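Below: one structure, written as structure tokens.
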Amino acid sequence: MKRLDFSKPHILRNEKEYDAAVAEMDALVDRHPPAGSREYDRLEFLSVLVEAYDEEHHVMGATATPQAVVEFLLEQQGMTRANLASVLGGRSRVSEFFSGRRPLSLSQIKKLRQLLNVPADVLLGDSDV
């Protein structure tokens, strides 16, 4: 694995450098470097660079639809769409929401926010903004 050259320090400039930094971080983590070692310091340095790149280029949820967010959270919590029938007002409402035929109402967003512990703004679709 080729290490990134930081003899002249710089931020990660592109996906190629980002991927190289992540690969190097993975390798370093696997070696469990002791705190204070050169490898540990390098791992921390790369972590800062990767986090900064992620915040600028990989915004979480920026392109996720409300349906994708709900589907993901259901999976993470071991639930299925059937668990939403009482929250959304019946199985047909669940189906209409996931097919994109019906946006969530304010009442449904509040209930989903509570059930799935999700910020309400990620449940708003483009048509709701």
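Can you tell me which residue among Thr65, Thr80 is out of contact with any Cys (no Cβ under 9 Å at 6 or more places or on another chain), farther than 30 Å from Ile11 by Cβ and modelled with pLDDT of 90 or more?
Matching residue, one of Thr65, Thr80: Thr80.
Which of the numbered conditions does Val94 fail, given that it passes all the others? Conditions: (1) touching a residue at least 40 places away in the same chain (Cβ under 8 Å); (2) more than 13 Å from the chain's Cα centre (by Cα).
(1)
Here is a yes/no grid of residues against (1) out of contact with any Pro (no Cβ under 7 Å at 6 or more places or on another chain); (2) surrounded by 13 or more Cβ atoms within 10 Å (Cβ to Cβ); (3) in a helix (DSSP H, G or I):
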{"residue": "Asp19", "(1), (2), (3)": "yes, no, yes"}
{"residue": "Ala68", "(1), (2), (3)": "yes, yes, yes"}
{"residue": "Glu75", "(1), (2), (3)": "yes, no, yes"}
{"residue": "Lys111", "(1), (2), (3)": "yes, yes, yes"}
{"residue": "Val118", "(1), (2), (3)": "yes, yes, no"}
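Conditions (1) in contact with a Phe, Trp or Tyr (Cβ under 7 Å, 6 or more places away or on another chain); (2) outside any loop (DSSP other than H, G, I, E, B); (3) within 30 Å of Glu17 (Cα to Cα), marked per residue:
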| site | (1), (2), (3) |
| --- | --- |
| Val29 | no, yes, yes |
| Glu55 | no, yes, yes |
| Ala64 | no, no, yes |
| Asn83 | no, yes, no |
| Ser86 | no, yes, no |
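Could you please give the count of residues in region 32-44 that are assigned to a helix (DSSP H, G or I) and in contact with a Leu (Cβ under 9 Å, 6 or more places away or on another chain)?
Of the residues in that region, 4 qualify.
The values are calculated or read from the model by the stated rules, or taken from the named source; none is laboratory data. Worth saying up front: this structure is predicted, and the values here are computed from it rather than measured. Cβ sites come from the backbone with ideal geometry, for glycine too, and all protein chains shown count toward neighbours.
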